[in-house]
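Trainee: Before anything else, here's the structure in question.
The values are calculated or read from the model by the stated rules, or taken from the named source; none is laboratory data. This is a predicted model, so every value here is computed, not measured. Just the protein is used for accessible areas: all its heavy atoms, side chains included, with ligands, DNA and RNA removed. Shrake-Rupley method; radii C 1.70, N 1.55, O 1.52, S 1.80 Å.
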Amino acid sequence: MKILTPRNNKDYYDYLTGIYGEDEKVVYDRRAFTVLSNLDSPYFSYIPTSADSPKKEVRKRDWTGNRLKWVTKYEATELYCILEVGLKQYSFQVERYLDEDSKVCIDWKLLHIKEITKKDRAGSTPMTFFKAKSRYSFFWRDETLELVIEKDGSLRNPILTGTPITSLIPAQELYQELSSYISSLNDQEIIDNRTDIEKAESAGFDRKTSFRNIK
């Protein structure tokens, strides 16, 4: 797979192009992107806000063995999001809270991976980040969590480096998902119309320090 991306905005899976090689027919155009770790967002920013608080002690009824009992739990602010990569949707739960030193803690958990079809895709780019709302359904003792994508504010072609996502989705898996999906779009040709200078800079060359400019 060939990745079109501006210089100095590589992602954690980009190195695999050097292992698998570049296929001119499989092109991921990532020139319009968003660096998630730079966002002022409760999902990624460790800067405290007025909405942040320590975990709260909550008394609730829960099943313990075959009996329904009152138990004490400590709950943080829960956020949900979905990363759509090709024909897979990765659902995450994010807990945000203040520790004893009033520092922001953000804990990520991968909830599940859902395989989808092309007609079920929510995003218009090979990879898209969405916020999500939670919805619970109950049947006897079973509680099922369902996430609903919020399309407003979606982020196309996110750069994942610097986020917890990189430790939850292996680079090889994400790369293969992107490559397989883009390969299936045989009727949509993406033309690499970058200049020779832009191509060289994307490959890591610096015009200021290039040997051609050494005097």
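Trainee: May I ask you to say which residue of E100, E57, E78, E22 is under 23 Å from the mean Cα position of the chain (by Cα) and either among the charged types (D, E, K, R) or at pLDDT below 95 (or both)?
Mentor: Of the residues listed, the single one that is under 23 Å from the mean Cα position of the chain (by Cα) and either among the charged types (D, E, K, R) or at pLDDT below 95 (or both) is E78.
Trainee: Okay, moving on. Across region 88-121, which residue is least open to solvent (accessible area, probe 1.4 Å) among those that are basic (K, R) and part of a strand (DSSP E or B)?
Mentor: The qualifying residue least open to solvent (accessible area, probe 1.4 Å) is R96.
Trainee: Only strands (runs of 3 or more DSSP E) wholly contained in region 1-77 count here; list those with 1 or more residues that are open to solvent by 60 Å² or more (accessible area, probe 1.4 Å).
Mentor: 56-64, 67-75
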